[in-house]
Every structure is written in C-alpha cells, then in structure tokens.
1. Quick one: in the stretch 136-173, which of the residues that are assigned to a helix (DSSP H, G or I) and among the basic types (Lys, Arg) is farthest from PRO76 (Cα to Cα)?
2. Identify all residues within the stretch 136-161 that are without any contact (Cβ under 8 Å) to a residue 24 or more places away in the chain and either under 16 Å from the mean Cα position of the chain (by Cα) or buried (at least 21 other Cβ atoms within 10 Å of the Cβ) (or both); write none if there are none.
3. For a quick check of your reading of the model, give me the residue pairs whose first member lies in the stretch 1-22 and is under 19 Å from ALA142 (Cβ atoms) and modelled with pLDDT under 95, whose second is surrounded by 18 or more Cβ atoms within 10 Å (Cβ to Cβ) and small (Gly, Ala, Ser), with beta-carbon atoms closer than 6 Å and at least 6 apart or on different chains.
4. Among the residues in the stretch 77-84, are any at pLDDT 95 or above, in a helix (DSSP H, G or I), surrounded by 14 or more Cβ atoms within 10 Å (Cβ to Cβ) and not polar (S, T, N, Q)?
5. Just give me the residues in the stretch 4-48 being in a helix (DSSP H, G or I), closer than 23 Å to SER96 by Cα and charged (D, E, K, R), in sequence order.
6. Would you check which residues across the stretch 114-135 are closer than 18 Å to LEU74 by Cα and surrounded by fewer than 16 Cβ atoms within 10 Å (Cβ to Cβ) and list them?
7. Looking at the stretch 87-98, is at least one residue surrounded by 13 or more Cβ atoms within 10 Å (Cβ to Cβ) and within 15 Å of the chain's Cα centre (by Cα)?
8. Considering every residue within the stretch 34-49, establish whether at least one is buried (at least 19 other Cβ atoms within 10 Å of the Cβ), modelled with pLDDT under 95 and of a type in the set (Ser, Thr, Tyr).
Amino acid sequence: MTTEVVTAAASDRARMVMTIVLAFSTEPMVRWCWPHADDYLAMMPRFTEAFGGHAFESGSAHCTIDRCGAALWLPPGTGPDEEELGRIAEERIRGSIRDDVYRVTEGMAHYRPSEPHWYLSMIGVDPTRQGKGYGSALLDHAHRQYDRDGFSMYLESSNPRSIRFYERHGYRVIGKVQSGSSPTVVAMLRTPRSATASE
C-alpha cells in the first residue's frame, strides 16, 4: 500500500497534534509521567507543541495525505522548547518522579549528536491506521530528503516495538537511559546514505 506524505500546512497543526496524542497513548515514558487519562489528555497536546512544535515553523512537519500520520522533525541547530518543557515538569509532573524525569532528560541530552543532525522529536499514527505502512511512509519521505543533505538523523523511544521498527529503517541503538521507576529510553541514530545506496 502506498501512502502519500506531504509537508504540513498551518491548518494541519491542531489535527496533527491530536494524531500524535492518540498515537502516544500507550508510549511508556509519557504514560509514566501521566498515568491517568485525564492528566494525559490535558497535558499531552501542550507537551507535543513544546517538544516538536518548532517543526511547523521550520517546514519540517510531515503528514500523510489523510492527516492520520504525523512526524515532527527538528532541523539541525534547533531543538524542543526547553523553557516550556521545564514549566510543564514543574506544574504537572508528580513530585515523586520529577527528579527522575530530569535525570532521564539529562541522559538523553548526553546521547544527542554534537554534529548537525535532524531530530525526529515525535512521530505517530492514529491507532485506527497503524499497521498499514503509514509510519514507514513518513520515515521514507524524510530519509529521501535528509539523506541528500548529508545529515544524520536521531531519535529517542521508550517503546520496544517502535525500536524494532526503527532498526528496520536503518537506525541503530547508541545508548539507553533509565532512572528510578522510569521506563528505559533508547537513543537511536541513522547515518546518511548516498543516493545510490539501497534501503
């Protein structure tokens, strides 16, 4: 099945954020932060905007043509909104785990490449469309563009199923971070491939 992927328009922003909220409802790390449905649904849209929202301004937010799959890529030299993420942690993450959240965050920063790279801050597919090739289409769309630029691509995941998926797309594990009762977050890197390299 071929799924068309396009650059998101400004009008797609709210829908893409909600697609990611649905997709991340079983992601171990965010559900550890917000285990109750009401807290998760209240905070995840705000978190998504802080963690990946710069992709919309940068023209590197990609979506499937039906807007049921979304990927937020942050260009080299940019990153999440650290100030807003700090406010979210202070306001809406339980004090009993907040220090562990900070330790995991610091650990992830340690593995992030120092050289210019594309950062896949978030990617998600509406659960009703999962297993239909949407995630692969989103990754392939970005890889074709960013391989030409010669930049590596970096991501983090706490979902074992997703980690296997990324490995099939050329990412390799470069580190793991865990603190206290937190899930393990895995850092992954994909080096650029030449235009003639086989996927």
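The values are calculated or read from the model by the stated rules, or taken from the named source; none is laboratory data. As the structure is a computational prediction, the values presented were derived from the model and not from experiment. When we count neighbours, we look across all protein chains shown, and the Cβ atoms used for this are built from the backbone with ideal geometry, even at glycine.
1. ARG161
2. Of everything in the stretch 136-161, those that are without any contact (Cβ under 8 Å) to a residue 24 or more places away in the chain and either under 16 Å from the mean Cα position of the chain (by Cα) or buried (at least 21 other Cβ atoms within 10 Å of the Cβ) (or both) turn out to be PRO160, ARG161.
3. Filtered contacts from the stretch 1-22: THR3/ALA137.
4. Among the residues of the stretch 77-84, at least one is at pLDDT 95 or above, in a helix (DSSP H, G or I), surrounded by 14 or more Cβ atoms within 10 Å (Cβ to Cβ) and not polar (S, T, N, Q), which makes the answer yes.
5. Hits for the stretch 4-48 are ARG31, ASP38, ASP39, ARG46.
6. Of everything in the stretch 114-135, those that are closer than 18 Å to LEU74 by Cα and surrounded by fewer than 16 Cβ atoms within 10 Å (Cβ to Cβ) turn out to be SER114, GLU115, PRO116.
7. For the stretch 87-98, residues surrounded by 13 or more Cβ atoms within 10 Å (Cβ to Cβ) and within 15 Å of the chain's Cα centre (by Cα): absent.
8. no
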